[in-house]
Amino acid sequence: MAADPRHARLLTPADLELLVAAAGPGGAGVGPDRLRADPAFVEALLASPALHRLVFGMGDRDPLLVASPYLVFSVLVHQVARELEATSFVEERLGPGRTVPVFDVATLREWLARPVHRAFLAELLASYTRVASGTVWQRTGRGWRRRRYSELDPLRLAQMLEVVPASQRSTVCRRLGDLALFLAGVFPEHVESHPLQPRHLDRIRRLLDATDLGGPAAPPDELLLSGGPQRGLWLLEWLGRRAYGLAAGGGGAAADLPGLVEGFGRARRVLNMLTRRHLYPARERWFPRAET
């Protein structure tokens, strides 16, 4: 499968130096220029134990002080891909302190085997180490109205669809899908205890339906009626699929979007595994505003 070209865009000069070091004596002639021009070679290095040691083997030093967030999370995503090869089941949450084994690991391996999906997850996680929030002004029939927005609040993010030009609505939908996946994948216990409120969900649904990017689509009744702890995760899965589908239909179809519309649950399980095995206790430090 073709390697993802976003490596050349997102890897910093310091990252490239680490990759050169990871290539070792067998990488004679390796330099930043070759790495930028050869994403397949970068993929091989991202999966190498040597790079993992360089990024995570620095004692108590925070990996984010050693490499960029994109490289740190790329290494972790590749580590999870290796672990899945030797795993017979993954744990699925049923609520606080309750899990059940899911043996359908082959579909997770298949989804994560695509370089475009691995690069997407790394970029997604890196993007939430810093988040955007602030205020925009919207002109209404009663004059100008100040409206707050936050990349970490599904409703406020969806409300940006009323403010941005039509050409940017697919971008907002894309980010809304990202948020649903990030929250469900990295903070599942928070999602369980703070599911989307029915009135907020209805407002988000109407905002999405009004984008002209796709026809109306309401959450299935069983999601709305469910009162169990998994309700929050299921609602975010519906929201993520819906938002990614609209983004793809609105001309924002990157190579990873089709795999996220149908594979949202797989991506979420991969992130759950990555979070459980590798993000504790750094999660609160790396994503300090994720639960605000």
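Readers should treat all values here as calculations from the given coordinates under stated rules, not as data from a laboratory. Bear in mind the structure is a predicted one, so any value in this text is a computation, not a measurement. Neighbour counts are summed over all protein chains in view; Cβ atoms, including those assigned to glycine, are modelled from backbone coordinates with ideal geometry.
Take the Cα of ALA106, step 7 Å toward its Cβ, do the same at GLU284, and the gap between the two points is 4.1 nm.
Rank by packing, highest mean first: peptides 198-204, 56-62, with packing defined as the count of other Cβ atoms within 10 Å averaged across residues.
Going by the mean number of other Cβ atoms within 10 Å, highest first, we get 198-204, 56-62.
Comparing PHE287, VAL186, LEU76 along the charge dipole axis of the chain, the residue lying farthest to the positive side is PHE287, per the Cβ-charge model. Selection among ALA247, LEU51, ALA119 by position relative to the dipole of the chain gives ALA247 as farthest towards the positive end (Cβ unit charges, Cα centre).
Simple point charges give the picture: +1 on the Cβ of Lys and Arg, -1 on the Cβ of Asp and Glu, and for the chain a dipole about the Cα centre of about 1040 debye.
Per residue, the chain reaches -16500 deg cm²/dmol at 222 nm when only DSSP H runs of four or more residues are counted, each adding -39500 (n - 2.57). Remind me, relative contact order of the range 6-127 in percent, using alpha carbon pairs under 8 angstrom and six or more residues apart? For the range 6-127, the relative contact order is 24 percent.
Arranged from highest to lowest average of other beta-carbon atoms within 10 Å per residue, in what order do the peptides 90-99, 38-47, 6-15 appear?
Ranking, from highest mean packing down: 38-47, 6-15, 90-99.
Per-residue Cβ neighbour counts within 10 Å put TYR244, TYR128 in the sequence TYR128, TYR244, beginning with the fewest.
Between 0 and 90 degrees, the angle of helix 231-249 with respect to the longest Cα principal axis of the chain falls at about 80 degrees.
What list do you get for THR275, THR107 if you sort them by fewest beta carbons within 10 Å?
Ordered from fewest to most neighbouring Cβ atoms within 10 Å, THR275, THR107 come out as THR107, THR275.
For helix 257-274, what angle does its Cα long axis make with the longest principal axis of the chain, in degrees from 0 to 90 and rounded to 10? Between the helix axis and the principal axis of the chain, the angle is about 70 degrees.
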